[in-house]
Amino acid sequence: MQIARTIPELRSLLGDGRRSAFVPTMGNLHDGHLALVGRARTLGEVSVASIFVNRLQFLPHEDFDTYPRTWDSDCEKLRAAGCDVLFAPDEKALYPEPQTCKVHPDPLLADTLEGAFRPGFFTGVCTVVMKLFACVQPRFAVFGMKDYQQLMVVRHMVRQFALPIEVVGAPTERAADGLALSSRNGYLGPQERIQARELPDALRAVAQAVREGERDFGAIEARAAAALAARGWQPDYVAIRRRADLQPPAGGEPLVVLAAARLGSTRLIDNLEIDA
């Protein structure tokens, strides 16, 4: 695996015209990230991953300074996964001057759900992803479906700017008990980690209710949120939305249920597409 620390170094490594497939990350890698790298290896002639903890997508009260940096372990995992190139810039390399030009995504897509609880989050995501795309110039970009809204926001951005990139969504990797793999799972205490499986359980209960014909979606969402709250969670939302645009259902379209809730001090998100 070759490592580039600056944009010129990266462009030198990728300047031979091979089609690249790109996996952007913030490090602290787990098997979910490595599955994305594995998917990238099937798509491009060269697989590229990035590690960059993006200050722009953290709110002032969030965990930018304490977000785990696990460089040695991350490099070892990427090498074992067969990653060809790692782009690991520091802030000065990626943002040599204040990033005053930013990408503001469509409010209808980005200001709901996560965007409602984390104002400005998707502006930070789109800005860094656009900059990373400009650096890597990939033919493919692989994102996990655990961050369902993020995947849709990035796809919309790529389409709006006519970028020559195919955005590939990879299925959520889960632990044996169903919990979606996430870097923030490491913040959970032992008992919290056991209890955390209640979040995917809640999503499955919502999906089952919809499949069984319930159509009072507000009541289903409220019931799921109340069940989590009764178990000590602090739900931000449990929402049934259209897969196409994350708007409330209008009737007959494919659906997805998305949730975000805090267990202790750890905020977890998850989603589940609802099969007909």
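Working carefully through the options Thr123, Thr127, find the one that is open to solvent by less than 20 Å² (accessible area, probe 1.4 Å) and touching a helix residue (DSSP H, G or I) at 6+ places or on another chain (Cβ under 9 Å).
Step by step, each of Thr123, Thr127 is checked, and only Thr127 is open to solvent by less than 20 Å² (accessible area, probe 1.4 Å) and touching a helix residue (DSSP H, G or I) at 6+ places or on another chain (Cβ under 9 Å).
List pairs: first residue in segment 162-191 and within 14 Å of Phe140 (Cα to Cα), second residue at pLDDT 95 or above and in a loop (DSSP other than H, G, I, E, B) anywhere in the structure, Cβ distance under 8 angstrom, at least six positions apart or on different chains.
As it stands, the answer is Pro164/Arg139; Ile165/Pro138; Ile165/Arg139; Glu166/Arg139; Gly169/Met145; Ala170/Met145, since those pairs meet every condition given.
Checking the conditions here, which among His33, His61 is surrounded by 21 or more Cβ atoms within 10 Å (Cβ to Cβ) and under 30 Å from Phe117 (Cα atoms)?
Criteria check complete, one pass: His33.
Please state which one of Val154, Val142 is assigned to a helix (DSSP H, G or I) and under 12 Å from the mean Cα position of the chain (by Cα).
Val154
Quick check on segment 42-58: of everything there that is touching a residue at least 24 places away in the same chain (Cβ under 8 Å) and of a type in the set (Val, Ile, Thr), which residue is surrounded by the most Cβ atoms within 10 Å (Cβ to Cβ)?
Val48
Looking only at residues in segment 2-16 that are of a type outside the set (S, T, N, Q) and outside any helix (DSSP H, G or I), which one is nearest to Leu78 (Cα to Cα)?
The residue in question is Ile3.
Select from segment 233-276 the residues that are within 14 Å of Ala116 (Cβ to Cβ) and outside any strand (DSSP E or B) and write down the one among them that is most open to solvent (accessible area, probe 1.4 Å).
The selected residue is Pro248.
Restricting attention to segment 65-90, which residues are among the charged types (D, E, K, R) and either at pLDDT 95 or above or touching a strand residue (DSSP E or B) at 6+ places or on another chain (Cβ under 6 Å) (or both)?
Asp72, Asp74, Glu76, Lys77, Arg79, Asp84, Asp90 - these are the residues of segment 65-90 that are among the charged types (D, E, K, R) and either at pLDDT 95 or above or touching a strand residue (DSSP E or B) at 6+ places or on another chain (Cβ under 6 Å) (or both).
Would it be correct to say that Arg193 is in contact with a strand residue (DSSP E or B) (Cβ under 7 Å, 6 or more places away or on another chain), open to solvent by 40 Å² or more (accessible area, probe 1.4 Å) and assigned to a helix (DSSP H, G or I)?
No; evaluated as a whole, the condition is false for this residue.
The values are calculated or read from the model by the stated rules, or taken from the named source; none is laboratory data. Model, not experiment: these values are computed from the prediction. Cβ atoms come from the backbone with ideal geometry, glycine included; neighbour counts cover every protein chain shown. Just so you know, the surface numbers come from the protein's heavy atoms only, side chains and all, with ligands and any DNA or RNA stripped out. Shrake-Rupley method; radii C 1.70, N 1.55, O 1.52, S 1.80 Å.
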